[in-house]
Amino acid sequence: MREGEDSVHCLTVKRAILLVCPIGTYKFEVGNGQCSPCPAKSHADHNRTLSCTCIAGYFRTETDRPSKACTAPPGPPKNLQAKVNRETSVITLSWERPADTGGRSDIKYWINCPKCPNDVHFSPSYSDLISNEVNVSRLASYTQYTFYIYSQNAVSKYSKDSDSYAATNASTFSSVPSAVRNFEIKQVSQTSVVLRWDLPEFPNGKILDYEVCYRESSETIEKSKYHTQSPINREFQETTIDSLKAGKEYEYRVRARTEVGFGSYSEPIVVSTTGLGEDDPVTITLLAGGVSAVLVIMVLCGSVVLLVFYKKRKVKEPIYIYQQMIPGEQGQKEMPALTEGMVYTNGEVILPKMSKPRTYIDPKTYSDPDLAVQDFATEIEASKISIVEVIGGGEFGDVCSGYLRMPDSTTRKVAVKTLKPGVSERDKIDFLSEASIMGQFDHPNVVRLMGVVTKTRPAMIITEFIKNGALDQYLRENDGQLTLMQLVQVLRGIASGMCYLAEMNFVHRDLAARNILVGEKLVCKVADFGLSRSKEEGAYETKSGGKIPIRWTSPEAISYKKFTSASDVWSYGVLMWEVVSFGERPYWNWSNQDVIQAVEKGYRLPPPMDCPEAVHQLMLDCWQKDRLHRPTFATIVSILERMIRMPSTLSAKAKRESLTHTAPQFSKIQTVDDWLDNIKMGRYKENFADAGLFKLGEIARLSHSDLPRLGVTLVGHQKKIMKGVEVIRLHIEQIEETLV
């Protein structure tokens, strides 16, 4: 190297040495570039640093340049809210960006719901969310869910700390699935049709089955037939309806069922089967000839069969009612059939042990009650039942909880009613009749019979176990803890069960909150079918041998022993009052005679506290004196479903002043102490006495705001006392009207 070049080289090295970056700065490349201070949230602890190191808790991604500030994972989302749609039970989650974004803008979110079912649907998604709102559907009814909303950015994966999240709880309401979608006719033939539909948008639980309702367009709804289809594991469902008439126009509807009940029917579809109808002249001629030939053959065969049958009959056999159909101008006529075992009921031939009749058959029509039990109940070996404890008592024996060993070797908790030894033959018949009645019912809002034990002693009736017991007691224990929408859902479930029983032509006769059982998720089931129905002609007694339950019984049933579905509707109205008042006793402490006289004069129970006007109006409709003017249970279900779909209809509260009738006098309540004892709030006697309240007139002037100063701080007790105040006001108003 020449001398001059050597000098230049030395100068370059010297400059490089002079430009070495000191602590706190960095230079990305070796050379003569300028040193730069470390970006935010980073540091350089020695000289000659090519890039600064992020401080604890801050990071750079692989693609971030050294000049970019170090960033951190974001904080939790702000203002997380969960809103539940009362009609669909869809939960809408919304939130705001974290207050601390960590210095980045690439924030995404994801959702975790530990209790959500496997088929839960998040819209638009549950992960990689950019938006701040998500809809969650396909959730179970009356279930509380916890949602965790996590916020992340590109450097979250480098952090060892727990992810940032916000959590919130939300409870669903809706108890039934929404209507099915895209209901259509896929194929039509002379005698069958293939129907197809998509799953409900909001199943609100596991779909147990679908019910297709169909009828000829010229027939009334009461003539409808029903077809049940189990769900198939596909996005669409399909079923075939057979045994239709050729050339006839039919209307079809379908609805889904969960463990809580049926959803709404789809919009009806009307389509005609192919071929010639029954009214065609050729068809009628062929039918007439065919029927004539068949009748001749059947009469000959019938004579032979009956001759053999009566010759062999040595003991009294069960009496069967049956029918042979003959088309004619007046419809279907009845003739004795030749096939033993066919049961005729309501225009249908039912083959016992092959299918459940859709019309209730009174076990009393059987000459031997054991035969009715065999037809409608399953015999269970006593060895398969293990009784755990006695949970109650009945007229015929104990009521116990226990376990039933199922065919697949699993066990199921059940309720067991036992028949105590030494009972009369009549009591045994009544006991078995309850099983024969229950065995005919299959509905999610009716208590289900599991089976009976009759071949060994003691005889037992095994039913499903209902966790929360009787509705009246459950309401009193949870006074003020249930929302109005939950109460309406309870009423809707009971009405659905009663609608099913009414369609079966079964009259309950003792519908009241005490005879409704409450299961999980507030699923209510109609129970107590063991009434002793007419021990003497025209009479009616409860199982305990008592008189008619006056407070729940319609005027025509009290006066004329006329029990119909319409009288059950009256009882349902009283049950509604029980539910909304959280188990209050109807007509309070009035005597039965006071109740009868008041109802005959037009008095109707006033709306309970905070009762919506629409709900009380439905009660009043159920209490129409003319039973033909009362709504049917199908109408009641429809009205309650509309309330659930449109919660705004429940916003207007009923006013007591709107009633035109007053209550009878209470001869037994003379003092404030009497009144407090009557409403079971005697613990506050000293409180009222210390406040100088000794007269009922002073009680009538109390308002809700007065109760805390009287030492009544519990919400449930406040409600109960204010309900009692309302009764006192009615009592005083009646006295004033009488004086006028």
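What follows draws every value from the coordinates through simple rules; no lab data is involved. Computed from a prediction, not measured in an experiment: that's the story for all the values here. Please note: Cβ atoms are built from the backbone with ideal geometry, for glycine as well, and neighbour counts cover all protein chains shown.
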Normalising by the residue count of region 672-739, find the relative contact order in percent from Cα pairs under 8 Å and 6+ residues apart. 33 percent
What is region 558-658 by shape, rounded, prolate or oblate, if you read a ≥ b ≥ c off the alpha carbon gyration tensor as root eigenvalues and call it rounded for a/c under 1.5, prolate for a/b larger than b/c, and oblate otherwise? oblate
Cβ-Cβ FRET estimate between Asn47 and Asp106, R0 fixed at 45 Å, reported to 0.05: 0.85
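Is the shape of region 389-519 rounded, prolate or oblate, going by the alpha carbon gyration tensor and its root eigenvalues a ≥ b ≥ c, with a/c under 1.5 for rounded and a/b larger than b/c for prolate?
Details: a/c = 1.71, a/b = 1.52, b/c = 1.12.
Because a/c hits 1.5 or more and a/b exceeds b/c, region 389-519 counts as prolate.
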What relative contact order, as a whole-number percentage, does region 78-171 give when Cα pairs under 8 Å and 6 or more residues apart are counted? 32 percent
For region 471-658, calculate the relative contact order in percent as a whole number, restricting contacts to Cα pairs under 8 Å that are 6 or more residues apart. 26 percent
Between Ala691 and Gln670, what length comes free when the chain is fully extended (0.36 nm per residue of separation minus the Cα-Cα distance, one decimal in nm)? 5.7 nm
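Pop the C-beta distance of Asp706 and Gln486 into the FRET formula with R0 = 30 Å and round what comes out to the nearest 0.05.
Between Asp706 and Gln486 the formula returns 0.55.
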Once both label points are put 7 Å beyond Cα along the C-beta direction, the Lys223-Lys68 separation in nm becomes 7.6 nm
So for each of 631-638, 266-273 I average, over its residues, the number of other beta carbons within 10 Å; can you give me the resulting order with the highest mean first? 631-638, 266-273
Pull out a ≥ b ≥ c, the square roots of the eigenvalues of the alpha-carbon gyration tensor of region 173-267, then state rounded if a/c is under 1.5, prolate if not and a/b is larger than b/c, and oblate in the remaining case. prolate
